Every structure is written in C-alpha cells, then in structure tokens.
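Step one of this worksheet: look at the structure below.
The values are calculated or read from the model by the stated rules, or taken from the named source; none is laboratory data. Please read all numbers here as calculations on a predicted model, not as lab measurements. Cβ placement follows ideal geometry from the backbone for every residue including glycine, while neighbour counts extend to all protein chains displayed.
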Amino acid sequence: MPRKVVSGPNYDDEYNDDYDEYDEDYDDYGGTGHSDDIQHPTKEKESSKKSSSMVPVLWRCSMCMFDNHESMVYCEMCGVFRESFMKSAKDGSIKDSLQLPSRDVSKPLILPICDVIKSQSTGQLAAFGKLETGAIRIGSKVLISPCGEVATVKSIERDSNSCDIARAGDNVAVSLQGIDGSKLIAGGILCNPGFPVPVSNFLELRVLVLDVTIPILIGYQVEFHIHHVKEAARVTKIVALLDKAGKPSKTAPRFLKSKQNAVVQVTLDAPVCVEEFSKCRALGRAFLRSCGSTIAVGVVTRILGQDQN
C-alpha cells in the first residue's frame with residue numbers, strides 16, 4: 001500500500017534556527033525525503049540519538065582519511081593530532097577532554113616482548129614488555145610465539161616490584177620456567193595457549209605514502225616494522241588506490257607516489273607475529289622504511305598466510 005504523503009507544517013520565522021538544526025541531523029542519518037517524516041522534529045532527534053549510541057563514534061583524519069575512534073586525540077595511522085584537540089590545547093581546555101584509556105582485561109593475553117632483560121628478583125632472563133590485553137599471573141601457562149613452545153610463569157615484576165598478577169596496560173618483566181632463555185627474543189609474543197597469535201610473512205596493508213622521491217613499484221625492497229620487530233620485505237602487489245572516502249578509485253596501479261592512500265600486499269623474508277588492526281591495534285600498525293627514512297605508514301587489513309616464494 002503506497003505511503004501517504006502529508007504536507008509538512010508551516011513554521012514561523014522564529015523557528016527557522018531550530019528547523020535548520022533539525023535538517024542537519026536529518027541529513028546525517030539518511031532521511032527518506034518524505035514530508036511526513038519531519039512533522040515531529042523533537043521525536044526524530046530523540047530516535048536519532050538512540051540509534052547513534054548503538055554504533056561507534058568515529059572521526060576522520062584530514063590527512064590520510066582514516067576513521068578513528070572518538071576517544072583518540074591523534075590519528076592511529078599517520079599520527080596527526082585531531083583538529084579539535086589542537087584547538088583545545090591553545091585555549092587551555094585540553095585537560096577536560098582527556099580520558100583514561102580502557103584496559104582490555106576481558107580479552108586473551110597478548111604481551112609483545114620489547115626486550116629480554118635480567119630479572120632483579122630471580123637473576124634469570126625475563127621477557128619485558130607492555131601487556132596489551134588480558135592478564136597474567138604466577139603459575140599460569142603461556143605460549144611463546146613464534147617458536148611455539150609453552151612455559152610457566154615463575155615471577156612477575158611491575159615497576160621493579162614483585163607482584164602476583166598484572167593486567168592490560170602494565171609494563172612488566174616476566175620470568176619463565178620450562179623453556180630455554182634463548183627462545184625469548186625481542187619481537188616475540190607471550191599469549192594464551194588457547195588463543196595463539198597468528199604468525200605470517202604474507203600480509204595485506206592499507207598504507208599512506210609519505211614524502212618519497214622515488215615512486216614505490218612492485219618488487220620495491222623495504223624494511224617492514226611492526227610492534228618490536230623489523231624484517232626485510234618487498235612489495236609484491238599494489239591492489240588499489242583509495243580515494244578520500246576510503247573506497248577504491250583505481251585498481252592495480254603501476255606505482256605509488258607521495259600522499260597517496262593504497263592497499264598493497266607485502267611478502268616478508270621471515271614470518272612475524274602479527275594481527276589484523278581491527279582485532280589488536282598494537283599488533284596491526286605497520287611502517288615501511290627505506291634508506292633510513294619512513295616511506296609509508298599503515299595498518300594490517302588481512303593476514304594472507306605463508307608465502308613460500
């Protein structure tokens with residue numbers, strides 16, 4: 001049955017400001033254009049607010065067009081600070097906009113190994129790093145990637161003090177028993193044996209090319225940096241260029257130049273511990289370097305497995 005269209009009410013001039021404000025909200029949430037949809041602006045605003053609270057609030061970086069969470073004050077892809085953050089820094093209201101980061105203690109354990117140090121309490125080698133997600137306690141079993149061996153937590157030091165448990169956000173030194181100390185290397189991961197971190201050397205990235213003098217071609221040799229690992233790699237495929245909305249504008253371009261957003265595939269000489277950015281941000285940020293300078297920054301969008309070539 002066709003929908004009955006009723007002509008909208010006539011507003012006086014004194015309501016023009018409210019009506020214009022409603023029009024902006026109406027356009028943002030994809031109105032249908034029917035005049036009977038705008039007979040009750042107040043009710044429509046309330047329903048729009050309810051629906052908007054169910055989806056994550058994002059803001060788009062003006063440089064790389066990457067969508068960031070509302071709580072972030074800088075772009076997680078290119079590092080540019082948010083415009084509203086810079087304005088609040090100038091007028092002195094920045095302290096009111098900062099929020100404490102949330103700790104993902106409900107997710108499985110992920111502890112990237114930043115360095116291998118000598119524990120002050122036990123004198124043994126210990127894995128030092130920041131707990132990204134989950135929690136760890138003395139006596140628990142952990143999986144060391146990429147070697148794939150399981151060990152038991154012997155001691156935990158947080159801020160040079162011994163403790164029984166540590167949670168996401170803590171910087172800790174973890175001593176392990178049941179494993180050779182040589183297996184602990186910077187760039188490895190301590191994780192839950194039931195939720196192993198993927199290990200791969202064939203990845204798909206979404207990147208922003210920085211100021212480069214030489215275009216990036218297929219086969220271009222780069223230094224791949226991710227969390228605490230660096231590995232020699234090469235660009236094996238340029239999938240597509242992206243426009244300002246993040247949608248493909250040109251497939252299979254021959255090269256990449258400065259200030260371009262693109263989706264590329266890279267092959268590493270050796271596999272590394274990695275995770276998609278949507279699942280773990282700390283293990284999904286990547287940097288491409290060449291000749292001592294960073295040529296591109298990006299995030300891991302897909303893990304393509306192992307490349308035997």
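A few comments on the model shown:
- Listed by position, the strands (runs of 3 or more DSSP E) contained in segment 123-174 that have at least 1 residues being within 22 Å of P271 (Cα to Cα) are 125-130, 141-145, 149-158.
- With respect to the conditions (1) in contact with a Phe, Trp or Tyr (Cβ under 6 Å, 6 or more places away or on another chain); (2) free of Cβ contacts under 8 Å to residues at least 40 places away in the same chain; (3) of a type in the set (A, V, I, L, M, F, W, C), I214 falls short on a single one, namely (1).
- Close contacts from segment 241-254, counting a first residue that is on the phi > 0 side of the Ramachandran plot and a second that is at pLDDT 95 or above and of a type outside the set (F, W, Y), with Cβ to Cβ under 7 Å and a gap of 6+ residues or different chains, come to A252/I238.
- Restricting segment 158-188 to residues that are over 29 Å from the mean Cα position of the chain (by Cα) and among the acidic types (D, E), the residue that is nearest to S145 (Cα to Cα) is D180.
- Flag if V209 is under 20 Å from the mean Cα position of the chain (by Cα) and of a type in the set (A, V, I, L, M, F, W, C): yes
- Residues of segment 179-195 that turn out to be more than 20 Å from G298 (Cβ to Cβ) and assigned to a loop (DSSP other than H, G, I, E, B), as a count: 10
- Scanning segment 83-122 for residues that are crowded, with 16+ Cβ neighbours inside 10 Å, part of a strand (DSSP E or B) and modelled with pLDDT of 85 or more yields I110, L111, P112, V116.
- Scan of segment 225-235 for residues that are buried (at least 17 other Cβ atoms within 10 Å of the Cβ) and either more than 18 Å from V116 (Cβ to Cβ) or out of contact with any Pro (no Cβ under 7 Å at 6 or more places or on another chain) (or both), ordered by number: H225, I226, V229, E231, A233, V235
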